[in-house]
1. Take the residues of region 64-100 that are touching a helix residue (DSSP H, G or I) at 6+ places or on another chain (Cβ under 8 Å) and of a type in the set (Asp, Glu): which is modelled with the lowest pLDDT?
2. Does residue 96 meet the test of being surrounded by fewer than 18 Cβ atoms within 10 Å (Cβ to Cβ) and over 24 Å from residue 188 (Cα atoms)?
3. Against the definition (part of a loop (DSSP other than H, G, I, E, B), in contact with a Lys or Arg (Cβ under 9 Å, 6 or more places away or on another chain), of a type outside the set (S, T, N, Q) and surrounded by 16 or more Cβ atoms within 10 Å (Cβ to Cβ)), how does residue 135 come out, yes or no?
4. Only one residue in 105, 113 is closer than 13 Å to residue 153 by Cβ and hydrophobic (A, V, I, L, M, F, W, C). Which one?
5. Select from region 9-33 the residues that are over 22 Å from residue 82 (Cβ atoms) and under 17 Å from the mean Cα position of the chain (by Cα) and list them in ascending order.
6. Given the options 47, 36, 56, name the one that is over 19 Å from residue 228 (Cβ atoms), more than 20 Å from the chain's Cα centre (by Cα), crowded, with 18+ Cβ neighbours inside 10 Å and of a type outside the set (D, E, K, R).
7. Please go through region 243-282 and pick out each residue that is polar (S, T, N, Q) and modelled with pLDDT under 90.
8. Inspect all residues belonging to region 145-160 and state whether any of them is among the aromatic types (Phe, Trp, Tyr) and either part of a helix (DSSP H, G or I) or under 24 Å from residue 253 (Cβ atoms) (or both).
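The values are calculated or read from the model by the stated rules, or taken from the named source; none is laboratory data. Please read these numbers as outputs of a predicted model, since none were measured by experiment. Here the Cβ positions follow ideal geometry from the backbone for every residue, glycine too, while neighbour counts run over all protein chains shown.
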Amino acid sequence: MNKIWYVTGASQGFGLALVQQLLAKGYRVAATSRSAASLPKADGLLALEVDLTKPASIRKSIEQTVATFGGLDVVVNNAGYGMEGTVEELEEEKLRAIFEINVFATIHVTQFALPYLRAQRSGHIINMASVAGFAGAPGWSVYSATKSAVIAFSEVLALDVRELGIKVTVVGPSGFRTGFLTKGSLVTTESKIADYQAVKKTQSQYAAMDGQQEGDPEKAADLFIELGEMPEPPLHLWLGANAVDRAGAKIDALARELTTWKTLSVAADYASAEGAMPTAGK
């Protein structure tokens, strides 16, 4: 229980559940929020008011964590929010804003934490993505794009830091009862373009799902703590039965598509050595 955790987006939902359980188990935790007053008050907690759109604010929070606790072991990039609607109807400002939080904040937190983890040749970075970043649904194109970016970032990051003893896990949850579908956690636009019937249907389905999701955030928090203690954690963790089903269906579909179109795909390569076209300079 000596590991030091740094958790973004800790004032509500899953982040809050994780921080509370960490503190109950005796961990030292640095928790971030836009307002420090919204964070719980407890021994072992460093409440940090951080603007995740500003790299300088993120850097300062990492420095404060190390200065206060003497180190850093597990970094959880949890902060983020959803965006629902057709891409035609989403404003430019909102498009850029979600990438700032869901993608760039994740990258900046990682960037500023890595020097400490690299120096000690240990640590674990856990990035919150979504099954939507791998297997999306109608009306979630931009949100899915941000979470797909987090997945790809995490996969290559894991390759980069493996020799340094640093672990990376990207978590792809399905629906959890965290308030994600409520105002403040979800930017949405009611579809006004009649052609997008599939989007309208999906919006109605998700609205009816609020508070009825299968995922339990308390159980998820327990799993995150278990992840943080694993000597060899997984790179990908699909969280929730629905996430496993959706990811599995996508993998099967990709495998079928790869096989079906293999002949066309490999036709783009140069011919074999026997009949190869001359290359430049030969």
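1. Looking at the filtered set, the residue picked out is 84.
2. no
3. When the stated conditions are applied, residue 135 passes them.
4. Only one candidate passes the filter, namely 105.
5. Scanning region 9-33 gives no hits.
6. Sole residue among the options that is over 19 Å from residue 228 (Cβ atoms), more than 20 Å from the chain's Cα centre (by Cα), crowded, with 18+ Cβ neighbours inside 10 Å and of a type outside the set (D, E, K, R): 47.
7. Correct list: 272, 279.
8. Scanning region 145-160, I find at least one residue that is among the aromatic types (Phe, Trp, Tyr) and either part of a helix (DSSP H, G or I) or under 24 Å from residue 253 (Cβ atoms) (or both), so the answer is yes.
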